[in-house]
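First up is the structure itself, then whatever we jot down about it.
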Amino acid sequence: MKVSILVLVLIFISSSVLAQSNVSQTLTNMSNAHISEIAAGGINATLGSYVQSPFIFVNMNYTNFSNTYYGRSGVIAALENLTSYGTPYTFYIRNSSVIGINSTDYSVNRDVWFVSNNQTTALFIPYSATYVYSNGSWLIYAEWFGTNSDAGIATPATQLPANLTTTTVQTTVSSINTTTIATPTTLLYTIPGQNGTQNSTATGTGSGQSPSLLIIIGAILAIGIVILYILTVRKKS
């Protein structure tokens with residue numbers, strides 16, 4: 001009886017781990033595609049990534065468009081400002097993590113560099129998007145390009161770090177040079193508060209659980225279930 005209960009517990013845990021892995025990978029891929037559309041200057045193409053009335057907060061030093069934006073018109077205005085330095089951008093992603101807020105809300109956090117097509121300007125942006133699962137799809141409910149405590153910055157592109165270790169990210173926009181930089185991070189961005197702050201409803205330290213690591217853990221748990229099942233059958237016989 002005890003073995004059977006343990007098998008059920010392991011089944012539940014492994015299912016949860018694999019589900020978390022799938023969500024993390026899905027949202028990472030969606031975020032990569034979303035950022036690539038912004039980098040390409042495809043503002044209208046990004047609109048399908050948002051709920052009907054999204055919240056966007058922008059805090060960028062050395063620019064004149066730091067503001068809070070609301071709704072679809074706000075999305076267009078915010079992204080037009082962000083892409084005004086010249087697209088298509090080459091972009092880089094680092095410190096990427098996916099943090100669960102609850103079963104239907106996840107926060108995708110990363111630092112993003114956008115480098116203008118004439119390589120004169122770079123935007124360094126502490127970026128976050130809160131995805132909500134609604135009507136069978138994941139959509140962005142809130143998005144931050146910098147926060148009150150951690151502003152983005154517009155800087156000459158020549159000041160980009162020269163020693164970046166890079167890994168290619170697959171995106172739907174083949175003309176964009178996309179790079180991800182895998183380094184540890186500690187980030188927490190959740191649902192929007194007033195004046196671009198975040199109301200903390202979840203905590204996370206480090207780069208978040210890697211989807212591949214979660215798959216390995218799930219596989220180990222599945223093997224454990226099989227072994228326990230065999231032991232249970234032998235004990236009954």
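The values are calculated or read from the model by the stated rules, or taken from the named source; none is laboratory data. Only a predicted model underlies this, so the values are computations on that prediction, with no experimental measurement involved. Reconstructed Cβ throughout: ideal geometry from the backbone, glycine too, with neighbour counts over all protein chains shown. Protein only, heavy atoms only, side chains kept; ligands, DNA and RNA dropped before computing areas. Shrake-Rupley method; radii C 1.70, N 1.55, O 1.52, S 1.80 Å.
When Trp113 is tested against (1) touching a residue at least 12 places away in the same chain (Cβ under 8 Å); (2) of a type outside the set (Lys, Arg); (3) under 17 Å from Ala45 (Cα atoms); (4) open to solvent by 10 Å² or more (accessible area, probe 1.4 Å), just one condition goes unmet, and that condition is (3).
Looking at the structure I just gave you, is Phe65 open to solvent by less than 20 Å² (accessible area, probe 1.4 Å), at pLDDT 95 or above and more than 21 Å from the chain's Cα centre (by Cα)? Criteria met by Phe65.
Only a single item in (1) aromatic (Phe, Trp, Tyr); (2) open to solvent by less than 20 Å² (accessible area, probe 1.4 Å); (3) free of Cβ contacts under 8 Å to residues at least 40 places away in the same chain is not met by Phe124, and it is number (2). Residues that are farther than 15 Å from Ile140 by Cβ, of a type in the set (A, V, I, L, M, F, W, C), modelled with pLDDT of 95 or more and open to solvent by less than 50 Å² (accessible area, probe 1.4 Å) occur in segment 54-62; there is at least one. Candidates are the residues of segment 69-95 that are touching a residue at least 24 places away in the same chain (Cβ under 8 Å) and open to solvent by 40 Å² or more (accessible area, probe 1.4 Å); the one that is nearest to the chain's Cα centre (by Cα) is Arg94. Here is the figure for segment 96-108: residues that are surrounded by 21 or more Cβ atoms within 10 Å (Cβ to Cβ) and over 18 Å from Ala39 (Cβ atoms) total 5.
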